[in-house]
Amino acid sequence: MSRIHQIFLTFYTLLFSPFVILLLLSLYLYRCIVEIILRIQLKNKFAGLLDGTDCVWAVEEQSALSVNNILLIIEKDARHSNINFLECFRDLTRNRIINSSYEKLRYKRKRKFGYYFWERCEEIDLRERVRWLEYERSNCDGSCDNIYNGHLKRVLWNVCNQPLPENHTASWEILIGKCCPRSSHHYLRRMEERLTSRIKIPVLFRVHHSLGDGMALLKFFRDVIIDKDSVPETLLEVENFQKKSETMRKLDVTVSMTNHVNIIGSNSLQCSYRKDVMSACMPFVHFMMFSHFLKLLRGQFDDLSKYLSTVTLQDLTLETREFLNREREKLSNFYVEVVRKKVLSCLKITKLILNVPSCLIQQAFRSMDKSALHGAELSGEKLVSYWLEDDFKSPCDQKLFAKIQSIKSITGARFGDVLLAALSVSIHKYFLRLNEPVPTKLSVILPMKIEEWSENRPLQNNISVGILPLCVSQINGKELADPTENSQILDRLEDIKRANDVLRRGSDYGVNFLVMKYLSAVLPEILLQPIFKSHSTMVFSNLVGPLDVKILGHSLKNIVFWIPNRSYTGIGCSLLTYRGYLHLSLIADRALVQDEKALTRILESTVKEIDNLYDRLTLSFFSKKLRRSMSTPTKKGRFIGRSVKDLIRKIIDIILFYFQQSECSDSLKDHEDFSSNVSFLSNHRFLLRSTFQSSPLISCK
């Protein structure tokens with residue numbers, strides 16, 4: 001859109017702004033009336049209208065439900081029965097989730113009079129909320145328990161876009177993978193051979209996005225679900241199997257939500273009862289308190305009279321000055337910490353409000369993507385794929401997370417920029433494989449946490465979104481080479497970093513957050529649907545997960561998640577770190593991608609490009625330092641010594657690192673000379689450094 005068109009549209013926006021403000025005030029008044037009516041109708045069940053940032057995700061379509069799918073791979077003993085494992089998770093849900101302080105988990109999401117609201121549940125049926133991950137087993141050959149053979153992916157295709165329980169009014173559910181009975185003979189054989197009898201079970205947490213953003217869900221996972229103390233694994237004893245199964249059949253799995261109210265009510269009655277008993281037993285307690293108060297007042301008066309009889313005018317002057325100095329410091333601190341921050345915050349909000357018309361106009365008239373990955377109406381059938389680092393790489397290899405951190409420190413780019421640059425190469429290759437026209441760029445939605453306006457409440461959506469142009473075949477009008485021959489990933493990384501810097505310095509994140517938080521809270525659903533139509537190609541999200549944790553005494557081996565699609569945005573890429581490993585996942589609508597293997601190839605190609613970039617940067621980085629140190633003039637011996645000393649330290653660290661990594665390989669264990677050299681360098685590293693420091697070349701001035 002030209003500059004002249006932007007000026008005219010901004011002028012017309014300002015011209016009609018009084019009518020827009022009047023409309024918003026009318027809708028706000030209507031929203032208040034709806035809230036009053038709902039409070040009268042539902043009484044104690046009414047938990048309030050949804051916040052604006054929650055309403056964004058409540059407005060959804062059947063082909064793209066706003067449900068986050070979080071897959072946990074839990075390792076358990078093969079002797080556990082299926083029923084025992086399921087009931088353990090129902091107990092966890094009852095004791096940790098439902099009885100937790102997160103009240104939002106006990107709400108239902110409903111809509112009336114055009115607005116969404118929360119309704120308190122009277123009871124939660126755990127048989128519906130925590131159930132089996134059902135799928136067809138008729139053609140199973142006993143290998144469906146293997147989570148890497150593609151069977152689990154096909155199961156997730158059918159589940160990830162299904163409605164949540166209670167006609168999609170519930171906010172969460174837990175689906176437990178079941179051990180296949182056809183594969184039981186494999187475990188029996190392995191136990192007879194005294195091999196490992198541990199199996200991996202998939203557990204799928206499905207959470208509606210209106211419950212909270214990714215960071216809020218991770219905090220909830222750390223605080224509530226994982227084990228705080230060591231919980232021993234409960235093995236199923238064969239002789240007590242019948243008794244336990246009968247007990248489980250009689251177990252009431254319906255949790256009543258009225259217990260919390262009864263407990264609070266009984267406590268308040270008990271407190272009032274105690275007060276009445278005290279008043280009846282001690283009728284003169286008030287006179288005793290009054291006499292005690294008079295004694296304290298007389299003592300204070302005596303102390304004041306003694307002070308006034310001994311103090312001089314000079315002492316009063318000094319104390320007055322000290323008092324004024326203290327008050328002046330308090331006022332200055334109050335100004336710096338409170339008033340100044342408030343003024344700057346108000347000025348920032350004012351600037352954002354003034355930028356709202358131009359920013360929204362630019363977003364509304366932004367050119368839409370034209371490619372095979374965007375434009376088609378979503379079908380609702382999803383394909384998912386994932387790449388788990390610790391399952392594909394040897395423990396001796398350097399972690400992909402550490403490699404991206406090294407690339408980040410060398411190039412100055414962000415963590416997500418590195419992955420997006422590698423993803424750009426993979427998408428370019430994908431279009432070439434399909435013989436489809438390669439777009440110049442794709443629009444990628446980047447969520448970002450808004451810390452300054454976040455409220456200290458559990459489970460909330462405090463994120464805003466911005467749109468990043470991801471280069472695919474061109475950078476600044478210059479055509480890129482064939483990625484199979486030359487990926488030009490450094491040029492892509494530089495372009496992505498520049499575009500991300502511009503996006504973060506701009507007002508898009510702030511304006512979008514104001515729209516999501518306040519405008520979406522005022523407007524009814526019929527007006528929100530066209531506003532929040534997403535016309536980007538992809539959503540990208542990255543989160544930092546926890547360290548090694550356990551659930552019910554079982555080790556959590558891996559965790560991966562998929563973000564939901566939205567309107568015309570049918571591709572989602574997510575990144576999560578767990579135990580220092582990096583896990584990637586992709587979700588795509590079948591209307592855009594017909595083959596799941598294409599998603600797997602994109603992920604594998606992305607990892608390969610990151611490895612190649614790391615190798616290229618580290619080799620060139622140390623070779624440049626070597627050339628720089630050798631080309632330094634000799635008359636500045638002090639600077640030569642410093643650069644040589646630093647270079648020698650890095651060379652020693654690199655040699656030690658690669659030798660220690662090579663010790664993990666069986667082929668290098670046979671070389672005694674290698675091992676002796678490694679031990680020699682390890683034992684004498686500090687001796688070498690001290691020798692270099694005392695060298696006359698280094699110490700010369």
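Sort the following peptides by mean Cβ neighbour count (other Cβ atoms within 10 Å, averaged over residues), highest first: 406-418, 563-575.
Answer by packing, highest mean first, reads 563-575, 406-418.
Rounded to the nearest Å, what's the spacing between the alpha carbon centres of the range 454-495 and the range 519-593? Just the number, please.
17 Å
Report, by chain and number, residues whose modeled amide H sits under 5 Å from the one on ASN461, excluding near sequence neighbours (fewer than 5 apart, same chain).
It is ASP213, by chain and number.
With the convex hull built on the Cα atoms of the range 290-422, state its orientation-averaged projected area in nm².
With every direction weighted equally, the projected area is 25.0 nm².
To the nearest 0.05, what FRET efficiency results for ASN486 and LYS408 with a Förster distance of 25 Å applied to their C-beta separation?
Once rounded, the FRET efficiency stands at 0.65.
What order, most packed first, do the peptides 66-75, 104-113, 32-41 have when packing is the mean number of other Cβ atoms within 10 Å of each residue?
66-75, 104-113, 32-41
Report, by chain and number, residues whose modeled amide H sits under 5 Å from the one on GLN474, excluding near sequence neighbours (fewer than 5 apart, same chain).
The answer is LEU480.
Compute the length gained on full extension between GLU319 and GLU123: take 0.36 nm times their separation in residues and subtract their Cα-Cα distance, giving the result in nm to one decimal.
Full extension of this stretch gives 64.1 nm more.
Can you give me the accessible area per residue for the range 557-602, using a 1.4 Å probe, in Å²?
On a per-residue basis, the range 557-602 sits at 25 Å².
Would you work out if the range 442-567 is rounded, prolate or oblate? Take a ≥ b ≥ c from the square roots of the eigenvalues of the alpha-carbon gyration tensor; rounded if a/c is under 1.5, else prolate when a/b is larger than b/c, oblate otherwise.
It comes out oblate by the Cα gyration axes.
Starting with the highest mean, order 464-471, 20-27, 484-491 by the number of other Cβ atoms within 10 Å, averaged over the residues of each peptide.
464-471, 484-491, 20-27
Quick one: of LYS104/LYS330; LYS497/LYS597; LYS104/LYS608; LYS76/LYS219, which pairs are farther than 32 Å apart, Cα to Cα?
LYS104/LYS330; LYS104/LYS608, as the Cα separations exceed 32 Å there.
The values are calculated or read from the model by the stated rules, or taken from the named source; none is laboratory data. Every value quoted in this text rests on a predicted model; they were computed, and no experiment measured them. Because the Cβ atoms are built from the backbone with ideal geometry, glycine has one as well, and the counts that use them run over all protein chains shown. Calculation scope for accessible area: heavy atoms of the full protein, side chains included, ligands and nucleic acids excluded. Shrake-Rupley method; radii C 1.70, N 1.55, O 1.52, S 1.80 Å.
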